[in-house]
Amino acid sequence: MKIIITILFFIPVLAFSQLPKCVKPVMNMGSNQSITLPTTSVIILGTATPKNSEGIKSYQWQYDSGAVTPTVVSPFQTVTQITGLINAGTYKFMFTALDSCGSSNSGFVYVTVNPAPPHPTFIAIAVATINSVTLSVQPNAAPISVSWAETSGPNTAKIASPNSITTTASGLIKGTYYFSATVKYLGTNSYPNLTTITTVIVTVK
């Protein structure tokens, strides 16, 4: 006679709807940025809202594409500085958030680097008469100050209006004079406190 013993194991099974779900975080990206050379750095930011009770575990910024490879100063923070944006163009940065459930999501911020504006320059003009000369500058940007001075010559000429764009130097005698024009431009982000100097040579025969 055979005795057969059967042991039944009952394993509780959760319904599919009761299994925990990992839902991707919702990305909240900061505004796209725009700078103009010679500025080469910018601040970008991003955040994420977790959809699971575990919360956000980590963040990471990564350079994605652009004219050159810049430096992400704080890659594991929500806010970071980007440096080394030395070439004009559009740069793309990816921000990734990972929650404690294992779900991740990414968003992007774009940085536009505009080329530098033309460097302010000017030309100096001298128109001589018998014993005097008219000096003038023609800048390609609006200056905030102009200063004329005689740097050398056979005697000291009299400069009528040394702080005018156009002035007259009189009392000239035979010889060679050197006049300098110092032009200062209004400071901007591109050209802070820019001062340009040129020399005009006047020969009296």
Could you check the stretch 1-56 and list, in sequence order, the residues that are among the aliphatic types (A, V, I, L, M) and modelled with pLDDT of 90 or more? Val26, Met27, Met29, Ile35, Val42, Ile43, Ile44, Leu45, Ala48, Ile56
For Ile144, indicate whether it is of a type in the set (Val, Ile, Thr), at pLDDT below 80 and in a strand (DSSP E or B). yes
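Conditions (1) outside the structural domain of Gly30 (by TED's automatic domain parsing); (2) closer than 21 Å to Lys24 by Cβ; (3) touching a helix residue (DSSP H, G or I) at 6+ places or on another chain (Cβ under 9 Å); (4) in a strand (DSSP E or B), marked per residue:
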residue: Ala48; (1), (2), (3), (4): no, yes, no, yes
residue: Gln60; (1), (2), (3), (4): no, yes, no, yes
residue: Asp64; (1), (2), (3), (4): no, yes, no, yes
residue: Phe76; (1), (2), (3), (4): no, yes, no, no
residue: Leu85; (1), (2), (3), (4): no, no, no, no
residue: Phe95; (1), (2), (3), (4): no, yes, no, yes
Only one of (1) surrounded by fewer than 17 Cβ atoms within 10 Å (Cβ to Cβ); (2) modelled with pLDDT of 85 or more is not met by Pro118, so which one is it? (2)
Residues of the stretch 43-95 being over 19 Å from the mean Cα position of the chain (by Cα) and without any contact (Cβ under 8 Å) to a residue 12 or more places away in the chain, which ones? Ser53
Inspect the stretch 74-84 for any residue being at pLDDT below 90 and of a type outside the set (Asp, Glu) and give the result as yes or no. no
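The values are calculated or read from the model by the stated rules, or taken from the named source; none is laboratory data. Being a predicted model, the structure only gives us computed values, none of them experimental. No Cβ is skipped: glycine too gets one built from the backbone with ideal geometry, and neighbour counts run over all protein chains shown.
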